[in-house]
Every structure is written in C-alpha cells, then in structure tokens.
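Presented below is the structure to which this report refers.
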Amino acid sequence: MTQGEAYWSVLEPAWNAVSIYDGAARFQREFATISTKAGNLLAAHWCQSEVCNGGFHQFFTNSTGVLAPEAVEAFRVLGMPELASVVAQAMLWFGPLYSRDQSTRQAALPSFAAGDPKASSPFEQLDTSFYRLLDAESGGFYRAADEYALAANGA
C-alpha cells in the first residue's frame, strides 16, 4: 500500500457527499451525514492541501475555510495536536468567533495589508509552523492519516 492510500480509501466514498462550495449551512448539513472517520479525513485533507498550496491565506480566502473548525478537531484525532493548535491560532486572527462565511473572511484580510504593506499575509509564521509540523508530528500527515484510517475503532 502506498503512502496516503489507506486514508484516501476511507475518504473517497464521502468525497462528493460534502460541498465546501455552497456555504456553511449546506456544508454542515452534508458533513453530518458522513462517518466521523471520513469527516475527519476530509477536513484534514482539505486543510493541508490548501495550506500547502497557498498558505493559510489561501485556505481562509477560498471556500475551504468553511471547514476550519473541523480541521482543528481532525488533526487532534489524527494524533497531531500541535498542528491542530496552529490551525486554531490562525483562526483566531479573525476574532474569537470564527466566521464560516467566505466573504466575511475575504473582507477582513485587506485590513492586514493596510496595517503592514510589506507583509504578504498575517499567517507567515503560522504557515512555517504548519509546514514543519505537517511533515514531523506523529510521523507526518500521511502516516498519521493512514494509521487513523486503518484503526479498527474509527473515531
């Protein structure tokens, strides 16, 4: 079995069952219909994929930001609590009540550039921590996700 194959085998059947593109209400309604294990793998997968592609800035400005709270929980149950903490810290940039609404998150980010025009993102240090932990904590994301997927008790 190749790296990531076990987790993808659990995630794939649920992949099209949950829309991240049609707002928070639909996401939460559909997310509730899949197994907890598939949901955790879906949230962790989307988060790591987006952050690795364009940092937290991309994750939060794209529709994927709708599942940030689920991503925090997902990384915890995958045995990656430090990574979960980094995601939670990034969410706090938006205030104590995280908005699942994409346009609200998008509207908030220009205020950062106005305060520090030389910085490209308020998440640069958190991005660096995320990348380091993604590869190191619990043997790395793919190992942790595969082990979680293969666990008989399945959260």
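The values are calculated or read from the model by the stated rules, or taken from the named source; none is laboratory data. Note that the structure is predicted; figures quoted are calculated from it, not measured. Glycine also receives a Cβ, built like all others from the backbone with ideal geometry; neighbour counts cover every protein chain displayed.
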(request) Within the range 2-41, work out how many residues are at negative phi and in contact with an Asp or Glu (Cβ under 8 Å, 6 or more places away or on another chain). (result) 11
(request) Being more than 12 Å from the chain's Cα centre (by Cα) and part of a helix (DSSP H, G or I) narrows it down to one of P96, P13, P69, so name that one. (result) P13
(message) Being at pLDDT 95 or above and touching a Lys or Arg at 6+ places or on another chain (Cβ under 6 Å) narrows it down to one residue among A144, A90, A84; which is it?
(response) A84
(request) Scan the range 16-28 for residues that are in a helix (DSSP H, G or I) and either over 16 Å from the mean Cα position of the chain (by Cα) or not aromatic (F, W, Y) (or both) and report the count. (result) 6
(request) Please give the number of the condition A155 fails out of (1) surrounded by 13 or more Cβ atoms within 10 Å (Cβ to Cβ); (2) at pLDDT 75 or above. (result) (2)
(message) Being in contact with a Ser or Thr (Cβ under 9 Å, 6 or more places away or on another chain) and either crowded, with 24+ Cβ neighbours inside 10 Å or not in a helix (DSSP H, G or I) (or both) is the filter here; which residues of the range 72-92 pass it?
(response) F75, L78, G79, M80, L83, V86
(message) Tally up the residues in the range 52-68 that are surrounded by 19 or more Cβ atoms within 10 Å (Cβ to Cβ) and more than 16 Å from Q102 (Cβ to Cβ), please.
(response) 1
(request) Could you grab me the full set of residues in the range 37-61 that are of a type in the set (G, A, S) and without any contact (Cβ under 8 Å) to a residue 24 or more places away in the chain? (result) S49, G54
